[in-house]
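Here's the structure, in structure tokens; my notes come after.
Any read-out appearing in this document is the output of simple, stated calculations on the displayed coordinates, not a laboratory observation. All of these numbers come straight from a predicted model, not from anything done at the bench.
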Amino acid sequence: MPKVARSQEDREIIREKILDEALGLISESGFSSFSMRKLASRLGMTATTIYNYYSSKDELYLMILTKGFDMLYRRFDEIYRAGGDPSRKLREMVETYIDFGITNANYYNIMFTSDAPKYSDYIGTGIEPVAHFEKQTALKLVDIASRVLSDLGKENVGPFTPEEIRYFVIRLWSTLHGIIALYNSRVLQEVDENAGQIIEQVAHDLVDLILSGKAEPSPGFRMPVRKSGTRM
């Protein structure tokens with residue numbers, strides 16, 4: 001008896017199941033140890049079946065990244081579209097970034113922490129278009145954060161130059177990433193039992209510093225030109 005073709009809805013359910021299991025495996029043992037064979041064993045299916053849905057472990061990895069960046073971007077976009085004071089938007093985005101990094105630690109660690117391939121590693125390969133789409137999804141976060149900072153400069157503390165905006169984005173990102181990484185690794189909790197309050201205070205002080213107009217780079221500092229293929 002011939003097999004009945006799966007409906008598109010059924011295929012999407014299976015694709016999502018495969019993606020979720022791949023997320024768990026990469027989170028547990030890293031990208032370098034991840035394989036389609038291990039994934040198939042975890043799912044109780046053959047590797048051949050998985051290849052009917054994803055062409056390679058690299059495509060799975062890139063799809064995980066794309067989904068994570070899109071999840072975070074949608075939350076940022078909702079804040080931005082709500083309108084209102086740019087300083088409020090910035091605070092809400094900072095709080096949202098922290099919440100995402102802690103409550104979606106599996107995604108966050110793969111997106112920003114894990115030692116895994118980057119877009120430049122896929123240039124010239126058959127999967128470059130998938131990697132390019134992932135990169136563009138990630139850069140939407142930089143763009144929306146830059147727009148908020150631009151609006152903030154115009155309405156609150158005086159116009160920022162594009163160079164200053166890029167500096168602020170990287171400064172915000174690196175500070176928040178550091179505190180999230182410390183929390184997710186449980187190091188911060190070992191140092192202080194009030195880790196949650198510390199994170200809130202760091203985020204609050206960071207935004208206040210920008211609002212005060214005292215967070216500009218030192219005179220004479222110039223941001224290096226961004227190279228093609230980099231995420232920032």
Report task. Give me the orientation-averaged projected area of the Cα convex hull of the chain, in nm², one decimal. Result -> 15.9
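Taking the Kirkwood radius as the inverse of the mean 1/r across Cα pairs, report the Rg/Rh of the range 1-54. Could the numbers behind the result be given before it?
Values: Rg = 12.3 Å, Rh = 11.9 Å.
For the range 1-54, the value is 1.03.
Among Lys57/Lys135; Lys67/Lys154; Lys38/Lys118; Lys38/Lys140, which pairs are too far apart, with a Cα-Cα distance over 21 Å? Could you put the intermediate results ahead of the total?
Working: Lys57/Lys135 17 Å; Lys67/Lys154 33 Å; Lys38/Lys118 23 Å; Lys38/Lys140 33 Å.
Beyond 21 Å between Cα atoms: Lys67/Lys154; Lys38/Lys118; Lys38/Lys140.
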